[in-house]
1. Name the pairs: first residue in region 86-110 and surrounded by fewer than 10 Cβ atoms within 10 Å (Cβ to Cβ), second residue part of a helix (DSSP H, G or I), Cβ to Cβ under 9 Å, at least 6 apart or on different chains?
2. Across region 1-25, what is the total count of residues that are modelled with pLDDT under 85 and either over 17 Å from the mean Cα position of the chain (by Cα) or of a type in the set (D, E, K, R) (or both)?
3. Restricted to region 9-25, and to residues that are in a loop (DSSP other than H, G, I, E, B) and in contact with a Pro (Cβ under 8 Å, 6 or more places away or on another chain), which residue is nearest to LYS65 (Cα to Cα)?
4. I want to confirm something. Restricting to region 26-47 and keeping residues that are in a loop (DSSP other than H, G, I, E, B) and among the charged types (D, E, K, R), which single residue is surrounded by the fewest Cβ atoms within 10 Å (Cβ to Cβ)?
5. Say whether the condition of being farther than 24 Å from GLY15 by Cβ and of a type in the set (A, V, I, L, M, F, W, C) is met by at least one residue in region 49-65.
6. Six or more apart or on different chains, Cβ atoms under 8 Å: show the pairs whose first residue is in region 4-19 and under 21 Å from HIS61 (Cα atoms) and whose second is assigned to a helix (DSSP H, G or I) and among the small types (Gly, Ala, Ser).
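The values are calculated or read from the model by the stated rules, or taken from the named source; none is laboratory data. All values reported here derive from a predicted model rather than from experimental measurement. All Cβ positions, even for glycine, are placed from backbone atoms using ideal geometry, and neighbour counts span all protein chains on display.
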Amino acid sequence: MLGGLRCYPFDLLHGAVVYADRAYCNYGIEDALAEAGILLKPLRKKNSKRQYPPWEVYLHHHRRKRVEVTNSLITQRLPRAIDAVTAAGFEIKVVLFLIATMTKVWTIFM
């Protein structure tokens, strides 16, 4: 998992906060990003040396749940197969699918 985190470009604004899973808990990368003005906030394991206050853990779980619910809603509506002849046709179908799904999700929550 950390290999993917090392390859991520992190072209973010100064002061940005990146929330991550427990698998991305690496103090070296966390400190390097902090020097660049980006906060990496992975979930901490119970035996971690850098624990968060309880209120911050609650907010972290709350934000993560929102992302997980959105991902599961999109995954449920994904078609089993996308029949496209060209790469451009595939991209168009995926973009239109995402627009339709997000419109439906937006109307449900509003």
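1. ILE108/LEU73
2. Total satisfying the criteria: 4.
3. Looking at residues that are in a loop (DSSP other than H, G, I, E, B) and in contact with a Pro (Cβ under 8 Å, 6 or more places away or on another chain), I get ASP21.
4. Here the answer is LYS46.
5. No.
6. Matching pairs, first to second residue: none at all.
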